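Engineer: Can you read through this structure? Questions will come right after.
Every read-out reported here was derived from the displayed coordinates using simple, explicitly stated rules and does not represent laboratory data. Since the model is a prediction, treat every value here as computed from it, not as a measurement. Cβ coordinates were reconstructed from backbone atoms using ideal geometry, including for glycine residues, and neighbour counts include every protein chain displayed.
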Amino acid sequence: MAGRDNRDGRDGRESRGLDDPPNSRLFILCQKGTTEQEFRDAFEKFGVIEDIWIIKDKRTNEDRGIVYIKFSKTSEAMQAMEEMNGRALPGTNKGLKVVVANSKRDGSTRDPREDERLVRLFVIIPKHFTEQNLRDEFAKYGDVENVTVLKDRNSGESKGFGYVRYFKPLHAAMAYENCEGSYKPKFAEPQRSRDERDEIEIHGFSSHHSGAGQKRMYEDEIHPPGYLYPDIGFPGPGYHHIGTGPMDILADYPTTSSGSRLIIQAPIGLTQGYLSKLFNLIPGMEYCDLNETTGLAYARYSSPQCAAYARDKLNGFEYPLGSPLHVQMADESMRQEFPMNVDKGFSQFANSLGSYNAPGASPVESLDIRQKVKLQAAMILEKAGINPHNLLNFASGGAVGSVGDGRKERVSYCNIPLPPPQPTVADDGKNLAQRLFIVCQPSGVSERVLKDAFCRFGNLIDVYLLSGRNYGYAKYASKDCAMKAIETLHGQTLAGQKMKVLEAEPPKPHPVHGGLQGDEGPSKKQRLHILPDTGLHLEETKIKDEL
DNA sequence: CGACGGGACGC
DNA sequence: CGACGGGACGC
């Protein structure tokens, strides 16, 4: 226990221990008067018993015929449940009822789907894994009822994770404990019902309940924008006057301000035309005026809700790459200095992420909404004839077009010219040829910038920083390309950050579940960092996928 | 048949 | 100094 790094004051040791590992505690109804020793004798053969607790009435001390037994491992508890449920202890005539105990927080409510929680695993898989691969892999641990690999709806490409459903809880537990650590197995939460999903969608978007009409309209937001912008051939001035649809969607968006004006600090060099097109992606824009000398801009929207929405979606947006916009309500603008360089902008944006999410909305819910807006934005840009890549590279005249001639080009975020972007390659699990270790000093660079820079040498599989750290890795499918990346980028500056780019040492071997039951626990989730690049952005590949 | 103690020094 | 990420299902 002492080695666990994931204890914190709020959770306390008790609530964590009870569910750790998950589904390792049994709730048992039994004949009153059964002693702890009798339980121990009957259950110890299933594994290591960490705790036996016989419930007694607080006042009368009368035995209530309820006992909790905590095992050290999920599989031990599952085996005990399987074998002991319905069986009477020696010398008693009442069959036990043995089920997995609810967490203390969930209380005593019986969930009709509780079996669902015991037999289904959520797993991370290589992108090239088919459902058959997944099934074969997890059939090692027991009888698989079915598997699912999640795929992009448009491209059909695997999203890199899936579900495995077993017939029996014990088999799911064996897989949970013994599969390779890279699968990062978790017991899957039961699928939410339709009503529950609606609740969350609405709460993620607005601060209170809305009528059914608005709910439906919001759901439509994720579809091609034809519905919201019926004749959106070009999102020029006045497009917001089309109907009332877009405004209705934002009518309940939470605001803290009564103003409808935004103050924007844009990077020097951004033009009036591009900035206003960007802000016009949010419904309700009335004007967006930029002083191209200072980079200071003001925008007004038709309502405080629209303005707040624009602020939330565009604050921190890197436009161009590596240069986040800073967007605030105009009547709140005096409270804070604007960042005058990328470094400050980066950290201030990171600090502001707490307020990025609407109160009560989880980061995941907000991300969902951002993705929808991103999709919208990408589609509108496409229809407007704007090549998002030109925008991202800050090439106002579309001068990027030259492909394949190897000529270097000036990029907004980098101190030296770089080769033109090249396509990345899919991770097929076998094509890794060279890994690079990357350090960004002093703080970090968004993933968008990293991708844009590191893809330019060809055969890039992936590049990322570790969550909340200033170091990370790039993976190439070609050693030559990786070496070119080192040669070009090591010692250079990306978005104001000094880069070290080195050959990576071989990775540590993957940990495995089971055995000593290590610390793989759920604590990572609580460190969920939202990097600036998870905001609204326009990636070419995505755009193609979604069109 | 049906739901939450005792222990304790790891900050 | 700077060494190994994150991921949730249109029922």
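Engineer: From Cα coordinates alone, what are the radius of gyration and Dmax values for region A:25-75 in angstrom?
Structural biologist: 11.2, 36
Engineer: Ok, one more. In Å and from the alpha-carbon atoms only, list the Rg and Dmax of region A:412-503.
Structural biologist: In Å, with Rg to one decimal and Dmax whole: 11.8, 34.
Engineer: Can you order the peptides A:139-149, A:156-166 by their average number of other Cβ atoms within 10 Å per residue, highest first?
Structural biologist: Result, highest mean Cβ count within 10 Å first: A:156-166, A:139-149.
Engineer: Among residues other than A:Pro90 whose Cβ falls under 9 Å from its Cβ, what is the net charge (Lys/Arg +1, Asp/Glu -1)?
Structural biologist: Within the 9 Å Cβ shell, the charges total -2.
Engineer: Another question, if that's okay. Take peptides A:253-264, A:464-475, A:170-181 and line them up by average Cβ neighbours within 10 Å, highest first, as a rough protection proxy.
Structural biologist: Final packing ranking: A:170-181, A:253-264, A:464-475.
Engineer: If you don't mind, there's one more thing I want to ask. What FRET efficiency, computed as 1/(1 + (r/R0)^6) with R0 = 30 Å and r the Cβ-Cβ distance, is obtained for A:Tyr163 and A:Trp53, rounded to the nearest 0.05?
Structural biologist: 0.35
Engineer: With respect to the cross-link table entries A:Lys151/A:Lys475; A:Lys430/A:Lys479; A:Lys58/A:Lys186, which display a Cα-Cα separation exceeding 25 Å?
Structural biologist: Flagged as over cut-off: A:Lys58/A:Lys186.
Engineer: With Cβ to Cβ distances under 12 Å as the rule, what net charge do the other residues near A:Thr148 carry (K, R +1; D, E -1)?
Structural biologist: It works out to a net charge of +3.
Engineer: For region A:114-158, just say rounded, prolate or oblate: build the C-alpha gyration tensor, square-root its eigenvalues into a ≥ b ≥ c, call rounded for a/c under 1.5, and beyond that prolate if a/b exceeds b/c, oblate if not.
Structural biologist: Oblate.
Engineer: Can you give the net charge of the other residues whose Cβ lies under 10 Å from the Cβ of A:Gly458, counting K and R as +1 and D and E as -1?
Structural biologist: +1
Engineer: Mind ranking A:18-24, A:110-116, A:499-505 by how tightly packed they are, going by the mean number of other C-beta atoms within 10 angstrom, highest first?
Structural biologist: A:18-24, A:499-505, A:110-116
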